[in-house]
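Quick notes on the structure that follows.
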Amino acid sequence: MDLAITLDQRSATPLHKQLYEELRMAILAGRLKPGERVPSTRALSQSLGVSRTTITQSYEQLLSEGYLRAATGSGTFVGCQAPDELLKSRPVEASRPAVARQEARREIELSRYGASITDIVPFEPPEPEMPISFKSGRPALEEFPLDLWRRLTLRHYRANDVSLLDYANGSQGYEPLREAIAGYLRRSRAVTCEADQVVIVNGSQQALDLIAKLLIDRGDPVAVEDPGYLSARRAFLAQGSELLPAPVDESGIIVDRLNSKTFLKTKGKLKLIYVTPSHQFPTGATLTLPRRLDLIAWAEKMGVMIVEDDYDSEFRYGSRPIPALQSLASGDLVIYTGTFSKALFPALRVGYLVAPAPLARVFARAKWLADRQTPMIEQRVLADFINEGHWERHLRRMRTLYDKRRQALVHALETHFGDRVTIMGENAGMHLMIRLSGKFSDDEVTRRARLAGVGLVSARLYYLGESRGDEFVLGYSGLSERKIREGVRRLARVISS
Ligand SMILES: Cc1ncc(COP(=O)(O)O)c(C=O)c1O
């Protein structure tokens, strides 16, 4: 461990006293935490360029006062409790140098982006984890083939290939992974693309962030589905865009409504329209083929780019998937994004975007500026995972599992609520939406559900305009059938009580 300590060789204060003061301040200010190991006397004497006797003298004083404690054979550690009387007589704040205190109090002036982000992304204290949580989009993590993933990872580390540790050759992403993704998208989603249009990003949220940065200027209108995906809206708002809500029904975004005056008068200014056609978030509607074609014709007429977020398109039950919008449109109209957060696991932080060929390089530059590259080990392991057939196998297993969980949820809802529930968007994805009839507010339902140990999300959060107040989004992919049945039973009980 390197300690940020400066000793003044020319000072009249002896070095061991200076070091004692520096270490004591670091402990009191919390820069060194209780239980944290401090460097050995030998290591510290080398890194500070002073004698070992000097270090030993200061350590001994700190040990005798209880700031440090020695554990025989394993080293010296910060004491678990700083000496009480010192803390009482000399509060930490008062012991810091005056300059530092002044700086802490000074109002920090943020950029426009920085200032707006506090409103756009409000601080939400973490919700307590519920015994049964219908939170949407959570994969069945306990079913992930972790042993296999570990084996594939170790194979790369064992190969001793140091290029794994270096900057990548270009920021667009590991080429074999881009090839694998392009092949998968061509086969399963009919996406028209080559590997050089694919940019690997840290989850689709980074794709949305880069899209917003590259295509939106302050004040630009952007059309979004209403209700729609909150994190996409936030990424566009953070760039200063003005959101135009486009209503959604059971067939997805209502393209006719895009021909209203509100939209038509933005011609020439409207930069992009964001849609989730496979499984609209949150309603679960699948955009019908005629509407897809109408949307493309409208975007062409308006000169607007379409952002197609295909976040959970891997999961369809019964019906055949409709080809991606990207596959139906001409070359430069659509930016397509996808993620491995849903089908594999969210902490992987690997997603991708397929850009029109002329834009791919610009995205790669923006990615370079943002964070250079997506971590290489994950990209290589994922490429193997896809190329060796594990991806398709995992998808087949998860489709069967999620289908069973989905059926359990639909059945439980129908059993307990009968004609008081309307179920929407259950033919695809990892969540569905319900409308519950009755004389209660969504707030009241979620509050009562929480008391019964059930986490439930109102769809109100996803509306830009007025919401109905009786809609809820229920994710089922991460819950066992038993928990799903129990969750719905508890829900029915608290609502009827
Ligand atoms: C509509 C939509 N897009 C994308 C994502 C995935 O985000 P990421 O890939 O950044 O984890 C989600 C996750 O909840 C989502 O609901």
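The values are calculated or read from the model by the stated rules, or taken from the named source; none is laboratory data. The shown structure was predicted, so the numbers you read here are calculated from the model rather than taken from an experiment. Cβ sites come from the backbone with ideal geometry, for glycine too, and all protein chains shown count toward neighbours. Heads up: the accessible areas ignore ligands, DNA and RNA and are worked out on the full protein's heavy atoms, side chains in. Shrake-Rupley method; radii C 1.70, N 1.55, O 1.52, S 1.80 Å.
Summary table
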quantity	calculated
ARG218 being touching a Gly at 6+ places or on another chain (Cβ under 7 Å), among the charged types (D, E, K, R) and assigned by TED's automatic domain parsing to the domain that holds ALA383	yes
Sole residue being more than 21 Å from GLY170 (Cα to Cα), part of a helix (DSSP H, G or I) and open to solvent by less than 10 Å² (accessible area, probe 1.4 Å), chosen from LEU295, LEU287, LEU344	LEU295
Close pairs from the stretch 151-173: first surrounded by 13 or more Cβ atoms within 10 Å (Cβ to Cβ), partner hydrophobic (A, V, I, L, M, F, W, C) and at pLDDT below 95, Cβ under 7 Å, at least 6 apart	HIS156/LEU164
The stretch 306-333 residues that are part of a loop (DSSP other than H, G, I, E, B) and open to solvent by 30 Å² or more (accessible area, probe 1.4 Å), paired with ones that are of a type in the set (D, E, K, R) and away from the ligand (no atom under 16 Å from the Cβ) (beta carbon under 8 Å, 6 or more apart)	ILE322/ARG292; SER330/GLU300
Residue list for the stretch 193-216, filter: more than 14 Å from the ligand (Cβ to nearest atom) and buried (at least 20 other Cβ atoms within 10 Å of the Cβ)	CYS193, GLN197, VAL198, ILE216
Qualifying residues in the stretch 231-271 (those that are in a helix (DSSP H, G or I) and open to solvent by less than 30 Å² (accessible area, probe 1.4 Å)) - the one nearest to the ligand (Cβ to nearest atom)	ALA232
Considering residues of the stretch 402-445 that are within 17 Å of GLU471 (Cβ to Cβ) and of a type in the set (Lys, Arg) only, the residue most open to solvent (accessible area, probe 1.4 Å)	LYS439
Any chance PHE345 is over 18 Å from LEU210 (Cβ atoms) and at pLDDT 95 or above	yes
Matching helices (runs of 4 or more DSSP H) fully within the stretch 125-230 where at least 3 residues are under 22 Å from the mean Cα position of the chain (by Cα)	175-189, 204-215
